[in-house]
Amino acid sequence: MSENALLKMKNTNLMKALNREGADYVPTMLAASCAMVAWEGKKVTDIIDDADTYVEAMTNVFKVMWADGNTFTGTLFTPRIESVLEPLQNKFGPDGVTPEHIQMPMMERDEYDAFIEDPNRFVSEVLLPRKYPKLYEDREYAKNVLKTVAEDKFYSLALLMGKQSQVLSEKYGITDIANFGEVFSNPVDTLFDYCRGFKGTLTDLRRQPDKVKAACDKLWEVYNLPRLDRPVAKFPYACHMTHIAPYLSPKQFEEIYWPYEKMWIERAAAAGAKVWIMLEGSWKNVWHHFLEVPKDSCILHIDDDDICQAKKELGHHQIIEGGLKVAAVRTESIDKIKDDIKRVIDVCAPGDGFLFCTDKAWISPGDVNQNLIDAYNFVHEYSMKK
């Protein structure tokens, strides 16, 4: 089969599954950082400056592994940042492959009023000088940091991901379904990720919930609403990597998190589009809210929850993605994995609206191994026979 014919066949079937039009088989999806490089016996830190070598190492596994679509694959940074910026929040670990993130919340619990008054001013005049004081003390240092960060973002997000998407599509028939140029950040996640951190945000929700709500409303007004005025991304779909939601009580989720999420989803649905959402952690206590938004407006990536339960409770109304635990790929026999795959496909494939994927991203050496390759190939073969 020619490369163009392979892309057309895979893409047609993928869209059939997404639109409940009778897919010929269950599409398999990528969810990865850079573990494919380790499968090649290489380190990201050794090859990332050579774009062609890096992209080849990131995609060679698909010569022997069937995949139809890509949710997210790649890195958001390179080691260049390490040479110029301190403190560093994102870097590659000692193995040269695994990305590491260190949360560094800098906002104090008594600073909500200043934040609510003007978030942009608070960030530029308080948080950034507190976190990166040298940027404000050494002009030449600051110029070099800003130049390096800008170049690094262009290189990793535009050049590398662009080349990678082109190779995945043209050589292996793999279609991107999530548009990471259209990433949604729920204001509660923004406060959690960049300002108050894990302990601070959860404590504030108990001790000063009105301040948290006012801060999130201001974030929505200042950061989210201007972005929502732009045209809706039809395909690939806008996406959201959720963070704090699994740690909220159902009451907190309903009152402070869900209203923003619902508005974003309904906006996309009104334009005839879908959104892709990573349900990081466990959402089973709150996922019934997705029944409130239009049918098939969401592709819900299931992480720690049971995929068959998700299909049973949500699959008639939203697209479900998941089915294979990365932990199983690393610890169980391929026979056990295949038995589990049969059960998942038997339950989740009927009625379409199901994409097969691992629960977590392939981020470390060993995540991409022969079990993973055999599992993805088996999904394609088994579902073709159903």
Lys234-Val222 pseudo-label distance in nm [points 7 Å out on the Cα-to-Cβ vector]: 3.5 nm
Quick one: helix 258-270 against the long Cα principal axis of the chain, what's the angle to the nearest 10°, folded into 0 to 90? 50 degrees
For the chain, what does the convex hull of the Cα positions come to per residue, in cubic angstrom? 140 Å³
Per residue of the range 276-293, what does 6.51 cos²θ - 1.76 cosθ + 1.60 with θ = phi - 60° give for ³J(HN,Hα)? Whole Hz please, x for Gly and Pro, Karplus curve as stated. 9, 10, 7, 8, 5, x, 10, 10, 4, 7, 10, 5, 4, 5, 5, 7, 7, 9
Averaged over all viewing directions, the convex hull of the alpha carbons in the range 257-380 casts a projected area in nm² of 7.9 nm²
For the range 80-85, just list the computed ³J(HN,Hα) in residue order, Karplus coefficients 6.51, -1.76 and 1.60, θ = phi - 60°, integers in Hz, with x standing in for Gly and Pro. 4, 4, 4, 7, 10, 10
Report the label-to-label distance for Asn4 and Leu135 in nanometres (one decimal), using points 7 Å from each Cα along the Cα→Cβ vector. 4.8 nm
Which of rounded, prolate, oblate describes the range 1-86, given a ≥ b ≥ c as roots of the alpha-carbon gyration tensor eigenvalues and a/c under 1.5 marking rounded, otherwise prolate only if a/b is larger than b/c? prolate
Residues whose modelled amide H sits under 5 Å from the amide H of Ala238, counting only those 5 or more places away in sequence or on another chain, are Asn179, Ala233, Trp276
Which value, in debye to the nearest 20, gives the size of the charge dipole of the chain about its Cα centre, when Lys and Arg are +1 and Asp and Glu are -1 at the Cβ? 460 debye
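Mind checking Rg over Rh on the range 148-195, alpha carbons, Kirkwood formula for Rh?
Values: Rg = 14.5 Å, Rh = 12.9 Å.
Here Rg/Rh amounts to 1.12.
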quick note, the chain, DSSP beta bridge pairs, % antiparallel (nearest 5) is 10 percent
If I stretch the segment between Ala158 and Thr53 completely, what's the gain in nm (0.36 nm per residue apart, minus their alpha carbon distance), one decimal? 36.2 nm
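Mind putting a number on the dipole of the range 20-98 about its Cα centre? Charges go on the C-beta only, +1 for Lys and Arg and -1 for Asp and Glu, and I need it in Debye to the nearest 20.
Rounded to the nearest 20 debye, it is 160 debye.
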Between the helical axis of 209-219 and the dominant principal axis of the chain, each derived from Cα atoms, what acute angle in degrees is found, rounded to the nearest 10? 80 degrees
Taking amide H atoms as placed 1.01 Å from N in the peptide plane, list the residues 5 or more away in sequence, or in a different chain, whose amide H sits under 5 Å from that of Asp176. Asn70
Given charges of +1 on the Cβ of Lys and Arg and -1 on the Cβ of Asp and Glu, with all other atoms neutral, how large is the dipole of the range 53-102 about its Cα centre, in debye to the nearest 20? 100 debye
Theoretical ellipticity at 222 nm over the chain - DSSP helices of four or more residues, -39500 (n - 2.57) apiece, nearest 500: -12000 deg cm²/dmol
For each pair in Lys8/Lys385; Lys16/Lys295; Lys213/Lys295; Lys211/Lys274, compute the distance between the two Cα atoms and list the pairs where it is over 25 Å. Lys213/Lys295; Lys211/Lys274
Computed over the chain: relative contact order in percent, which uses C-alpha pairs under 8 Å that are six or more apart: 23 percent
Note down the relative contact order for the range 92-210 as a percent, whole number, built from C-alpha pairs under 8 angstrom at least six residues apart. 34 percent
Using a 1.4 angstrom probe on the protein heavy atoms only, line up Ser282, Ser169 by accessible area, largest first. Ser282, Ser169
With the dipole of the chain defined by +1 on each Lys or Arg Cβ and -1 on each Asp or Glu Cβ, the option from Phe154, Met36, Met278 whose Cα lies farthest towards the positive pole is Met278
Ala361 neighbourhood, Cβ < 11 Å, K/R = +1, D/E = -1, net charge -3
Give the ranking of Arg206, Arg130 by solvent-accessible surface, highest area first, calculated with a 1.4 Å probe. Arg206, Arg130
By accessible area (1.4 Å), largest first, Asp304, Asp367 order as Asp304, Asp367
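The values are calculated or read from the model by the stated rules, or taken from the named source; none is laboratory data. Note that this is a predicted model, so its numbers are computed, not measured. FYI the Cβ positions are ideal-geometry reconstructions off the backbone, even for glycines, and counts take in every protein chain you see. Accessible surface is based on the protein model in full, side chains and every heavy atom, while ligands, DNA and RNA are left aside. Shrake-Rupley method; radii C 1.70, N 1.55, O 1.52, S 1.80 Å.
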